[in-house]
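These notes are about the structure you will find just below.
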Amino acid sequence: MPSVSTEAPTTPGASAAPSAPASSSSDSLLSPGRPGYRRMSFALFAAGVATFALLYSTQALLPAISTDLGVTASQASWTVSAATGALALFVLPLSALSERFGRRTMMTASLLIAVVVALLVPFAPNVEWLVALRAVQGAALAGLPASAMAYLAEEVRPKALVAAIGLFVAGNSVGGMSGRIVTGWVAQLWGWRAALGAVGLMAALCAIVFRLMIPRARNFTPRSLSPRALAKTVGGHLSDPLLRRLYAIGGLFMMVFGAVYTVIGYRLVEAPFSLSQGVIGSIFLVYLVGTVSSAAAGRLVARLGRRGALYLAVGTTTSGLLLTLSDALVMVLPGLVLITAGFFAGHAVASSAVSGTAKTGRAQASALYQSAYYLGSSAGGALGALAFHAGGWEATVALGLLAVLGVVSITLYGSHAARAQAARRPVRAAAQR
């Protein structure tokens, strides 16, 4: 993986893309210790909690849904994949709307619609309706992640950006953890429908906190919607090799995570573990490790560099996958801890690199990353369930290791490309003399 420069990438059509307003100054940017930074961090943390709690609300319930609705693991997994897939498809157009109507407005609307749908989901009469409502919910949530990243890039000092994004990602991990714990125990007591209703109420509370706490944007200027300019900006980002590598890395990391956590409930409910729904939900306490690792991403990058931090995330994730092959719970749990820590660290590093690299069209750059990220989740959930049905947990782990190998290959290629580019610079300079 190439080191991420602070210079703007050579993006064709960048002049037509939105950028931070020229009037913004360092005095208007948020940083630790300055007024508004703590409120902003808490608000986006709450938004992150709601996003992951809603997006993956059915994941810990898949065995119960399969039993109650009489469907296979692969069919039930679409209640997760439909949500993440719809988010991936809608994140780009909704990020474009945020350029016109504002980041804060878009994030608020996304949370509101997603919460309303969440309160309808428990009444789905069959798996087809459940999948359809989950797809609508994922599409609604699409307006939040890229808008949040663009909001941070515009409102936070560059030196504090990785840490600020890490806190948002930490909110994702807390949402993923709390949502699964709540659904696990509520489902054991009152069924999976009541569990989904409980998550909807929790997300509603987070949405209220977000709206009350989020500071007004000080460096955002509304821009007119232009499909031609949007296409030019998107084409420019996709033509940038560095951004393409970051998008692929985010998608592959999420493929591992989606496969593991979609299938793990089915594995743990079977022998030799035979765990109850509530206990399986409690196992998602390991998400706390993701909270710590994502929040620490800034320190990791400062100490190891972005490539070093990504290599550490890859090694941690791989070690975790191998540990989960054991039939002993005392080995599987540390394996899940390592997978979670590696994933969240890698995601925080890659997503902040996208925000720091794209100096123009930041919302679109972040939207493309989110699209790749959630397509990876959707593919991981669907393929992980198919692999589990075909070859058991070992096949799911093999899928995860293949995705990790992809991250390593991209990182090595990026390192080689960066060295080659550095070697060409003296030659070009000498030729121009």
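The values are calculated or read from the model by the stated rules, or taken from the named source; none is laboratory data. All figures in this text were calculated on a predicted structure; none of them were measured in a lab. Backbone-built Cβ (ideal geometry, glycine too); neighbour counts: all protein chains shown. Quick note on the areas: whole protein, heavy atoms, side chains included, nothing else; ligands and nucleic acids left out. Shrake-Rupley method; radii C 1.70, N 1.55, O 1.52, S 1.80 Å.
Just one of the listed residues (ALA385, ALA395) is small (Gly, Ala, Ser), over 16 Å from the mean Cα position of the chain (by Cα), modelled with pLDDT of 90 or more and surrounded by 24 or more Cβ atoms within 10 Å (Cβ to Cβ), namely ALA385. A single entry from ALA295, ALA271 fulfils the requirement of being closer than 24 Å to SER355 by Cα and among the aliphatic types (A, V, I, L, M): ALA295.
Quick check: anything in segment 115-130 under 22 Å from TYR369 (Cβ atoms) and open to solvent by less than 40 Å² (accessible area, probe 1.4 Å)? Even if it seems obvious, please write down each step before you answer.
Residues of segment 115-130 under 22 Å from TYR369 (Cβ atoms): none.
The answer is no; no qualifying residue exists.
Looking at (1) surrounded by 19 or more Cβ atoms within 10 Å (Cβ to Cβ); (2) closer than 21 Å to LEU285 by Cβ, find the lone condition where LEU189 falls short. Result: LEU189 fails condition (1) only. Taken together, the residues in segment 223-248 that are in contact with a helix residue (DSSP H, G or I) (Cβ under 6 Å, 6 or more places away or on another chain), in a helix (DSSP H, G or I) and closer than 21 Å to LEU144 by Cα amount to 8. Filtering segment 145-171 to residues that are open to solvent by 10 Å² or more (accessible area, probe 1.4 Å) and either of a type in the set (Val, Ile, Thr) or on the phi > 0 side of the Ramachandran plot (or both) leaves only VAL162.
Looking at ARG211, ARG218, can you tell me which residue is surrounded by fewer than 22 Cβ atoms within 10 Å (Cβ to Cβ), modelled with pLDDT under 90 and farther than 30 Å from LEU401 by Cβ? Result: ARG218 is the single residue among ARG211, ARG218 that is surrounded by fewer than 22 Cβ atoms within 10 Å (Cβ to Cβ), modelled with pLDDT under 90 and farther than 30 Å from LEU401 by Cβ. For PHE220, the criteria (1) out of contact with any Leu (no Cβ under 6 Å at 6 or more places or on another chain); (2) in a helix (DSSP H, G or I) hold in every case but one, which is (2). Whenever a residue of segment 92-108 is over 24 Å from CYS206 (Cα atoms), its partners that are among the aliphatic types (A, V, I, L, M) and outside any helix (DSSP H, G or I), lying with C-beta atoms within less than 7 angstrom and at least six residues away or across chains, give the pairs ALA96/LEU225; ARG100/LEU225.
Where residues in segment 243-263 are open to solvent by 30 Å² or more (accessible area, probe 1.4 Å) and of a type in the set (A, V, I, L, M, F, W, C), which of them is farthest from PHE343 (Cα to Cα)? Spell out how you get there, then give the answer.
Kept after step one, since they are open to solvent by 30 Å² or more (accessible area, probe 1.4 Å), are these residues of segment 243-263: 244-245, 248, 252, 255.
This time we only want the ones that are of a type in the set (A, V, I, L, M, F, W, C), so: 248, 252, 255.
On the way: ALA248: 14, LEU252: 10, MET255: 10 Å.
For segment 243-263, the residue satisfying everything is ALA248.
Once segment 350-369 is narrowed to residues that are crowded, with 24+ Cβ neighbours inside 10 Å and in a loop (DSSP other than H, G, I, E, B), the residue that is modelled with the lowest pLDDT is GLY361.
Picking from GLY265, GLY235, which residue would you name as being under 30 Å from TRP192 (Cα atoms), touching a Pro at 6+ places or on another chain (Cβ under 9 Å) and touching a residue at least 40 places away in the same chain (Cβ under 8 Å)?
On the way: GLY235 fails: under 30 Å from TRP192 (Cα atoms).
Step by step, each of GLY265, GLY235 is checked, and only GLY265 is under 30 Å from TRP192 (Cα atoms), touching a Pro at 6+ places or on another chain (Cβ under 9 Å) and touching a residue at least 40 places away in the same chain (Cβ under 8 Å).
In the condition set (1) in a helix (DSSP H, G or I); (2) touching a helix residue (DSSP H, G or I) at 6+ places or on another chain (Cβ under 9 Å); (3) over 19 Å from ALA248 (Cβ atoms), SER326 is compliant with all but (1). If we scan segment 70-78, do we find a residue that is open to solvent by 10 Å² or more (accessible area, probe 1.4 Å), of a type in the set (Phe, Trp, Tyr), assigned to a helix (DSSP H, G or I) and modelled with pLDDT of 90 or more? Yes, segment 70-78 contains at least one residue that is open to solvent by 10 Å² or more (accessible area, probe 1.4 Å), of a type in the set (Phe, Trp, Tyr), assigned to a helix (DSSP H, G or I) and modelled with pLDDT of 90 or more.
Scanning segment 13-28 turns up no residue that is within 25 Å of LEU144 (Cα to Cα) and at pLDDT 90 or above.
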